[in-house]
Amino acid sequence: MKNELLGQLDLGEYLERFSSFLARQKELFIPGDSKIHFECILELSEHDFNPPNKIKALNDELMRLSKNGVLHVSEIYEFAKIISYFSYLKKLKFQGSLSRWLDKIILPEDMLQIASSFDKNGELKDEVDARLVDLRHALKLKGEEIATALRQIAYSKSLSSYLVDTQIHYINESETLLVRGGFNHVLKASIVARSSGGHFYVEPERIATLKREQSRLNDEKQMIIYEHAKAMSERMSKALAFLKFINGAFDIFDAYSARALMAKSLDLEFVLPKDNSRIVLKDFAHPALKNPKSISLDFSKKVLLITGVNAGGKSMLLKSIISAALMAKYLLPMRINARQSQIGAFKEFDAIIEDPQNVKNDISTFAGRMLHFSRLFSKRGLLIGIDEIELGTDFEEAASLYSVIIEQLIKNDVKIAITTHHKRLAMLLAKNDEVELVAALYDESTQRPKYEFLEGTIGKSYAFETAARYGIAQNLVAKAKELYGENKENLNELLTKTINLEADLKERIKRVQAKESKLDELISAQKEANESEFERTRAIVARLEREYNEAINEAKKAINLNNTKDKQRAINAANERKKSIAKPKQSLNQNEPIAVGDSVKYGLSKGVVLAINKKEATINSNGISLRVPLYALKKYHNNAQKPAPSVRLSVQKPKSASVSLDLHGLRVDEALEQLDKFISDALLAGFSEVSVFHGMGTGRLARAVSEFLKAHPSVESFSDAPANAGGYGAKIVRL
């Protein structure tokens, strides 16, 4: 992918962060079936696993093995790390696509044996060759002998008058002493270097002899290691096909691992591209923004034309659309409501955002844009973003030209997101069924952009208002309005009113839909209550029928008895059974009369009595008015809403309040309990900002902390801490 496009979309920092999770650098695209990759990434995200260690690229090593070359032992160790890691993965209890993929990877016994020959530091293990054990021991002793000899020489009386200091100086990889001239009278040594003060760094002859012996031992060790490297390389050359496969498989898993770890660390989600060109974003946030307003939109047609207020987020909306589609294509995690979002699949991405004018290429802004557009006509399955489309030429001419160009690109199955300040292009394109409009909104009361968007309308640029807000004198703004023309300004006012009315209408529709949803919930709850009451009544009736029948049967027994006393006893038993039958009691609220304003329950629903008419009452439940039988109501006593007037609360600031909380090592339930108390203490202490340290780990605690802070009514906002204050392992919480 072009770095230029990533820079235009402000994704550079995000991708640098993603790269930090990779064991080795690679292309973003994962070859193969995207659906299977998606399933594997989701499955991996649900598991705790050790991420792979850093691995170097092994293409050159594979090429040398194909020519029966001998690899260095450190290069063999890189393959050993890959094989050992897959051996570890196959022991984990994965299921689904990831398990099936790992089951297909068979690790040859010969390669497992090579992998097991190394320790965690990349050294051949002692059991590989007994000679290595002896040599390592000999080298250790020789090193100790050299160190002892140096100390003896440094502290010898004969040399003390010539020594500058008693330190051991490493010069040109040699252990040396720093001495004054004339040292040769008491010490046989060779000069290695001269100091800036005119002294000499010397290597004593005794030390040189010991180091030659040490070098000889090292040479023997390296010859033995070479023997094993040669033998292993021969075996690896025979298994070249497997090594190429496992090297590629490692790249695939590394791509899975980086995505899963990043999603856990930053509480992100994945979206699998659909086989269409529709883009539906729900609560998407561009990764370059700090504490952004999330965006939601439905871009189902071919062209999205974004108009409206200056500095209102039009360019960032455009970048967000392209970025979301690009991140979905490469299965990268993003901040989004994945369940309610849908992103189509696109072959290519492009953006015309920056000014192409450059003194080196001798090209104007408009000419550069025309050159870029001319290359688009051969594209298919392209998603492109164009910022300030009319830039560089007369906007009236540009509107006519671009309307024709865009209509042709629509025919070529190109999907386009466009921002513009000028309404002429919007009006020309609005007639096309494949064009949808979005306007950036402006808050008239605060004279500031809302960074929100309204679908289906053309927005006003608010150039005059923006100029005044940023310091242009009011008399200059008034003069500009006069030059602009009364009719055009009236049109702008009409446009503003239309946008505000539409926004208000959509808000009313939203409230009505919410009320409908509440009504549906109420109806559903009442239906469940009615069904429950029916079942309860049916059970009572069945019980009464059974118990009365048993009493009647006892009475019938008396008819067949001859003895009068027996008859009397049977009748008495029947009467006792009759008396013991528990009859259901029906409460008609005779003990608690209901009045207007009372809180009541009707089945599972709660409400307040608005009016009473004979045997019926009207209640309000969650904004819904219901007429219900009076006898079916029960008073609902909510003690929390009517505290006794005699109760007094005395709140004191905590004596040990702190501005930071460390949750490392705690279980999620323990951590959240401490976090809840910590925030309460911070509020009582009057703190406006505190720090919470949770660490990164598996991401489970970080996600739990984020969800808790989102739901806490006293938390105004929170964000990841700066790098020097905990970074992604901490949160800065504003109260």
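Here are a few things to note about the model shown:
- Distance between the 7 Å Cα→Cβ label points at residue 180 and residue 17: 6.2 nm.
- Among beta bridges identified by DSSP and lying wholly in the stretch 660-734, the antiparallel ones come to about 75 percent.
- Treating r as the C-beta distance of residue 158 and residue 190 and R0 as 30 Å, the FRET efficiency rounds to 0.95.
- Residue 46/residue 130 FRET efficiency (R0 41 Å; Cβ-Cβ; nearest 0.05): 0.30
- Overall shape: oblate for the stretch 259-353, with the ratio a/c of the largest to smallest alpha carbon gyration tensor axis at 1.5 or above and b/c at least equal to a/b.
- Shape call, the stretch 271-316: gyration tensor on alpha carbons, a/c limit 1.5: oblate
- Near residue 193, the amide H atoms lying under 5 Å from its own belong to 201; only residues 5 or more places off or on other chains count, and H is placed 1.01 Å from N.
- Distant-in-sequence amide H partners of residue 616 (H built 1.01 Å from N, under 5 Å): 630
- Prolate/oblate/rounded label for the stretch 660-734 (Cα gyration tensor, a/c 1.5): oblate
- Sorted on the mean count of surrounding Cβ atoms within 10 Å across their residues, most packed first, peptides 426-436, 691-701 read 691-701, 426-436.
- Look at 454, 684 and count the other Cβ atoms within 10 Å of each Cβ; fewest to most, that gives 684, 454.
The numbers here are math on the coordinates, done by the rules we state, and not lab data. Note that the coordinates shown come from a computational prediction; the quantities given were computed from them, not determined experimentally. All Cβ positions, glycine included, derive from the backbone under ideal geometry; neighbour counts span all protein chains shown.
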